Structure formats: C-alpha cells, structure tokens
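A short write-up of the structure that comes next.
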Amino acid sequence: MTHPRSGFDPAASSLAGDVAPEVMAELLSVRSSIDNIDATLVYLLAERFKATQRVGHLKAEHSLPAGDPQREAAQIARLRALAEEAQLDPAFAEKFLNFIISEVIRHHQAISENRRPAGDPSRQGAPSASAPSGTEARGTHA
C-alpha cells in the first residue's frame, strides 16, 4: 500500500517474485521496522535542529563563535563510547556526528550573518539559514 503523502510503497522491492512468499513476508516485516526507525530518526533530527537553532541565536546575540571545539571533541568522544556500548561502529558514529557538527556551524554562521545590518559588507555571501530539506541531515550539537 502506497502512503498518500509521500508516495512511498513499503512493499516496493526488486526481489518480489524471485523469493519464496514466506521469505518475502519476513523481509517486508523487518523492513517495516526499519522504516519506522528511519521515520523516528528524521523526527529526532528535526527536534535536534530546532534546539540547535536556539543555540545559534543565543550565540549570535552574544557574539559567540559558531563553533566550540572543546564541546565538539567532548561530543565526539561521548558518541564514540555510546556507539561502542550499542555495538555500532564508533568510526561511523564519529563520521555522522562530524557531518552534523559541520551543518551546525554552517547554520550558526548563517544566523550570525543574518543578524548583521543589511549594509554590512561582511554579510555578503552568507549561507542561507533555511530549514533542512531534501536528503541532507541537519542539526547541531551546540
């Protein structure tokens, strides 16, 4: 059944007809769980992004730098340890967090740039502070 809002068909598979029906049924069941986890991740990232936007505005209001290397290092160490506990590849967790951190910094810079007066020449070329879209994950760690 195709979902009306997204057009996503959870039963879509290039394997249909090539595997036994009971195998396909189990595969679809496990994939349904994966789909639910993916949806949860998207909503969690959206909530995280909202919180980090607040951090970006606080930093901009108080002329604080967009990045915080000590916080970033602590977060990476923390997530690597959590990944090990969860039996997830710590290197993968670190890459994922580094991507989020780079997005955070980019968004915090954009917030800061957008707070400058319109005639300020240092404002030119500032990245957009738009909300996340497409397949890009957005977020920040603060």
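The values are calculated or read from the model by the stated rules, or taken from the named source; none is laboratory data. Not measured: the values here are computed from a predicted model. All Cβ positions, even for glycine, are placed from backbone atoms using ideal geometry, and neighbour counts span all protein chains on display. Heavy atoms of the whole protein, side chains included, go into the accessibility calculation; ligands, DNA and RNA do not. Shrake-Rupley method; radii C 1.70, N 1.55, O 1.52, S 1.80 Å.
What to note about this one:
- Among the residues examined, Ala83 qualifies as within 17 Å of the chain's Cα centre (by Cα), more than 30 Å from Arg115 (Cβ to Cβ), surrounded by 11 or more Cβ atoms within 10 Å (Cβ to Cβ) and modelled with pLDDT of 95 or more.
- Check on Asp38, open to solvent by 50 Å² or more (accessible area, probe 1.4 Å) and under 13 Å from the mean Cα position of the chain (by Cα): yes
- Contact map, segment 109-120: residues that are in a loop (DSSP other than H, G, I, E, B) paired with residues that are modelled with pLDDT under 70 and of a type in the set (Ser, Thr, Tyr), Cβ distance under 9 Å, separation 6+ or inter-chain. Pairs shown: Arg116/Ser122.
- Enumeration of residues in segment 51-66 that are touching a residue at least 24 places away in the same chain (Cβ under 8 Å) and either of a type in the set (Lys, Arg) or crowded, with 18+ Cβ neighbours inside 10 Å (or both): Thr52, Gln53, Val55, Gly56, Lys59, Ala60, Ala66
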